[in-house]
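No lab work stands behind these numbers, since they all come straight from the coordinates. Treat the numbers as computed from the prediction; the structure is a model and nothing was measured. Quick reminder, even Gly has a Cβ in these numbers, built from the backbone with ideal geometry, and neighbours come from all protein chains shown.
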């Protein structure tokens, strides 16, 4: 392209020299010369004027050609810059103009997001953006334990009293979560669940010689405990450093409390199931992200404290045990749309205590500390620029853990 422009410029210079040379070589005639014929002078002037007009036309054409070559050269340079940006990963589909050559790309404010397998996500919502996430979760659990009237500390886990039993529980939760990015490093979250649970209980009395097992089915459905959380990224992300995310979650007791439900006088089992814990709770947590391209390692710790209260109905005051959650995992980006995560969560549920005035037949049995371990696998796939599909499968690895957890999330970004 440059060679073509230089060739045109040289051609223009040559033409100019050729046209001007006769004029420069022409003799300057004196104004009072009587030896020249008037007609000859007029013809000579007309010839020179015609040459000047031809020269002006040629100069105009060459200037237009030069401007066209300069425009074509600028377009070629712009295309080359855009191709270079895309090849080095600096160009994005949603950027209308190419990155100028020599300008460093803006570093990301957080590590790349991975498939979510725990309650706490590994990426915050960008400032000014709203994410609505409908989700459905299915939990299946089969446990042999001393239980009857208790409170739900985790899905499909009940603690209480009376006789040895086998509990087969199927719990479905339909959740709608909204997240809003207040700043680039601060987001607000609100989660509202709707819980449907069915339980089949097999019992055998402890104090009798009976060898006949009894079966009792119960179910319940209602809104669960709504949750409000504030999450913040505590430090800047420079591309390869460890990132810390702190969170504070508050859980209400909008769901049905287990202590409010009626008990069948024949079986001493509740005729319907609770959809909430019956206690307010607060959960501070910390999450750490360590990028190691193309993977992101993450882990965290959380502690849930439930505020005890007088529950009434003859139970007196109940103080739920605290829950310590420890998580660790790894996320791997497969391509620009898909990612895979694997992780492990271990929850330690402390003993519940009962105090105050309570009826003798409504004493909560001491069950000790529960150890709940779950191995989780997750896959995330970006369907469009706004929709993302996230699936998670959890398998219980300890006796008290739910046997199976399956979760589907479908976040939509506005």
* Structure fact -> In nm, the gap between the two label points placed 7 Å beyond Cα toward Cβ at residue 58 and residue 382 is 5.9
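What percent do you get for the relative contact order of region 130-413 when only Cα pairs under 8 Å and 6+ apart count?
Once normalised by length, the contact order is 16 percent.
Hey, what's the Kirkwood Rh for region 230-277 if you take every pair of different alpha carbons, in angstrom? Display every interim value, and only then the final one.
Working: mean 1/r = 0.0679 Å⁻¹.
So the Kirkwood estimate lands at 14.7 Å.
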* To do: Please work out how much length the chain gains when fully extended from residue 130 to residue 355, using 0.36 nm per residue of separation minus the C-alpha to C-alpha distance, in nm with one decimal.
  => 76.5 nm
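Sort 140, 129 by Cβ crowding within 10 Å, fewest neighbours at the top.
On the way: 140 16, 129 13.
Fewest to most other Cβ atoms nearby, the residues stand as 129, 140.
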* Quick one: if you stick a label point 7 Å off each Cα along the C-beta vector at residue 336 and residue 319, how many nm between them? -> 5.7
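Thinking of region 213-346 as a set of Cα atoms, what percent of all their pairs are more than 23 Å apart? Let's see the in-between values first.
On the way: 4853 of 8911 pairs.
Every Cα pair in region 213-346 considered, those over 23 Å come to 54 percent.
Once the piece of chain linking residue 194 and residue 70 is laid out straight, how much longer is it, given 0.36 nm per residue of separation minus the C-alpha distance between them?
Once the chain is fully extended between residue 194 and residue 70, it gains 38.1 nm.
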* Roughly how many Å is it from the Cα centre of region 338-411 to that of region 273-299, as a whole number? -> 11
* Structure fact -> dims of region 295-365, Cα set, principal axes, largest to smallest, nearest Å -> 61, 19, 18
* To do: Just rank 410, 383, fewest to most, by other beta-carbon atoms within 10 angstrom.
  => 383, 410
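Seen from all sides and averaged, what is the projected area of the convex hull of the Cα atoms in region 130-413, in nm²?
Values: hull surface 61.6 nm².
Average of the hull's projected areas for region 130-413 equals 15.4 nm².
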* What fraction of the Cα pairs in region 308-414, stated in percent, has a spacing above 24 angstrom? -> 49
